[in-house]
Structure formats: C-alpha cells, structure tokens
1. Which condition from (1) surrounded by 17 or more Cβ atoms within 10 Å (Cβ to Cβ); (2) in a strand (DSSP E or B) is the one that Met262 breaks?
2. Every residue in segment 197-253 that is small (Gly, Ala, Ser) and in a strand (DSSP E or B), please.
3. Across segment 40-69, what is the number of residues that are crowded, with 17+ Cβ neighbours inside 10 Å, within 36 Å of the chain's Cα centre (by Cα) and under 22 Å from Ser10 (Cβ atoms)?
4. Can Asp276 be described as of a type in the set (Asp, Glu), assigned to a strand (DSSP E or B) and within 20 Å of Thr196 (Cβ to Cβ)?
5. Identify the single condition in (1) acidic (Asp, Glu); (2) outside any strand (DSSP E or B); (3) in contact with a Ser or Thr (Cβ under 6 Å, 6 or more places away or on another chain) that Asp67 does not satisfy, given that it satisfies every other one.
6. I'd like to know if segment 95-110 contains one or more residues that are at pLDDT 70 or above, part of a strand (DSSP E or B), outside the structural domain of Tyr219 (by TED's automatic domain parsing) and touching an Asp or Glu at 6+ places or on another chain (Cβ under 6 Å).
7. Counting only residues that are within 30 Å of Lys266 (Cβ to Cβ) and charged (D, E, K, R), which one in segment 205-250 is surrounded by the most Cβ atoms within 10 Å (Cβ to Cβ)?
Amino acid sequence: MLFVTAHSDSPLTRITAHFSPLDAPAGDPEAGETEDFTQYSGQDARSGVWRAPVHLADLGDYRVTVDLLDASGATLTGAPARYPLRYETTLTIPDLTATPTVPDYLHQRVSVSGTVLATDPRHPEDSVPAAAGVPVGIGFGHGGRVTATTAEEDFARTFTTPINNAYWRARFNGNPDLATNTSKPVHRYRYATRITGFHASPDPVRKTYPIDFTGTLQYKDGTTWKPLNGGSTTLYFRPRGSTKYHFVTSVGADRHGHLDGMALAKQDGTWAVAFDRQTWDHYLKSARVTDYVDVR
C-alpha cells in the first residue's frame, strides 16, 4: 500500500504514482504506475492522505514520483517521494504463546513459540509458512531479549528469566529480502506470596474461648514485598500428638493485607495459615506459617 500526503487550493481530482527501480539509470522505462488512490484521511479533497494498492512484477526497492491534478486544472508533475518504496515479502507472527501460560517467580523456565508467515505483495491473499532458519528475536519486559530460529514456519525457544512480570513478544529484524515484523505482546505474570507476623492469641487460652489470628499477607513485586489486597487465606489445625492438619475456615485479608480471623479453642495444638486454596491466576501458593496454642 502506498500513502501520499497532498494539499491544494482546489479539490484534487487525480493522483498518479510512478515506480522505477531504485538502481535503474535515468530514462529507463518505468516498472509501473497506479491511479487507484482513495482518500484515507482529511476533511475534504483539498488536503489529506490518499492511499493506493501497489502491483509490480518484481520485488525490490523503487523510486516513486507523483503527479497531481486538481479541479482548477493546476498540475504538479514528477514530485519525488522522500523515501523509496520497499516492495518486499513481509513476515507476520499471528500467534505467540508462552508455556507455562502463567510463568511464575519460582518456576522460571519459560518456553515461547509461534508461527511465522510470509506474504508476497504480488499475492497478498496467500500467506505461506516462512522458510526454515529465519531468526526471530523474543523480547520481554525490562529490555530483555533472546533469539530463536524458525524450523519450517514455527519457532520455539526455552530460557530462564528471573522476571515475574513481563510483556513477551517476538520480532523479526528483517533482511534484504524480508521486512521487519513484531508480534502482539503477551502479558504474563505471577508473584510469590508469604504471610508474616502470624500470631494466635491469647496463649494460653481457656477451652471454648475464642482465639484470634493476625498476620499480614504479602506478594513479591520484583524485589519488594507488598500487601496483597483482599486475599483469602486458609486456616488449618493440627491437634497435639497428631501429624495431620485439618481445614478449619478461610481467613480474609483487608486492603492492607492484614488478616483477621477467629476460631474457638477446643484442644492443645498447632494452628497454621497459608495462601494456598484461592490464589487467583497471578499468585503462587505460600508456605504454611504456624503458632502453637495451649488450651486449659
């Protein structure tokens, strides 16, 4: 597609673009021309941007000149384009996937894969798999970058990254025959979690009296631990002499990550809390933290 920006005192009635090979000597025949311009932007036909499809027999770089005609009969002939037209095969990456679908802080091995399609501008309706060996750059958040190479039309690369929150995309940097292309970004993130300051009180406590549970639920963003707003942790109990924990109830966290739970004292034992049942899509399970309470 060729775009032409033009301005005139009268409405433009015809735009003609002429194409000549960039390395062709002056006076050689043109490679082609087009008048199939339609207005792409602008309030009226006196000023704006026009565009037209380009159909040439051969791929390559072309010098472009433009002729203009407006309603008053005024003409402009042979206006050179500022940049040459690169009439070349384009590559697209219509799909990009990261496996696991939600990479996380603890499991840093990520596989990125996708498909590279090549489109010849002479046959734009037919996209075919790119040839094997095309290098594809895979970028991720904070300036990270690795490279994969296509095998047939597909490419894949597995690598390790400490980043737990990143946008992933694949980019082909182009070469003399193929144009540059970048895929849409894929956002993947998952955070480690923890519970700090867990405490069951009072201790000791009288049987059938309430025990209050406090602590702070946090997630790790980069190197900083932050409160996890609105998370739901799970409270467990293990009686003295037992080796097995039993589910008791859920304990919610407020907007500051502070836990506020209560249970009735029945017997001596260890209370534990963890963020491990309703972790949503972007948070890892936390380790259990414990506190022993003596019931009298």
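The values are calculated or read from the model by the stated rules, or taken from the named source; none is laboratory data. These figures come from a predicted structure and were not determined experimentally. Positions of Cβ are backbone-derived with ideal geometry, glycine not excepted, and every protein chain shown enters the neighbour counts.
1. (1)
2. To start, the set of residues in segment 197-253 that are small (Gly, Ala, Ser) comprises 197, 200-201, 215, 222, 230-232, 241-242, 250, 252-253.
Within segment 197-253, Gly197, Ala200, Ser201, Gly215, Ser232, Ser250, Gly252, Ala253 meet the criteria.
3. Qualifying residue count, segment 40-69: 2.
4. On the way: of a type in the set (Asp, Glu): yes; assigned to a strand (DSSP E or B): no; within 20 Å of Thr196 (Cβ to Cβ): yes.
Spelling it out, it is not the case that Asp276 is of a type in the set (Asp, Glu), assigned to a strand (DSSP E or B) and within 20 Å of Thr196 (Cβ to Cβ).
5. Tallying (1) acidic (Asp, Glu); (2) outside any strand (DSSP E or B); (3) in contact with a Ser or Thr (Cβ under 6 Å, 6 or more places away or on another chain), Asp67 fails exactly one: (2).
6. Residues of segment 95-110 at pLDDT 70 or above: 95-99.
Now restrict to residues that are part of a strand (DSSP E or B): 95-99.
Imposing the further condition that a residue be outside the structural domain of Tyr219 (by TED's automatic domain parsing) reduces the set to 95-99.
Filter again for touching an Asp or Glu at 6+ places or on another chain (Cβ under 6 Å), leaving none.
No, the conditions are met nowhere in segment 95-110.
7. Filtering segment 205-250 for residues that are within 30 Å of Lys266 (Cβ to Cβ) and charged (D, E, K, R), the one surrounded by the most Cβ atoms within 10 Å (Cβ to Cβ) comes out as Arg238.
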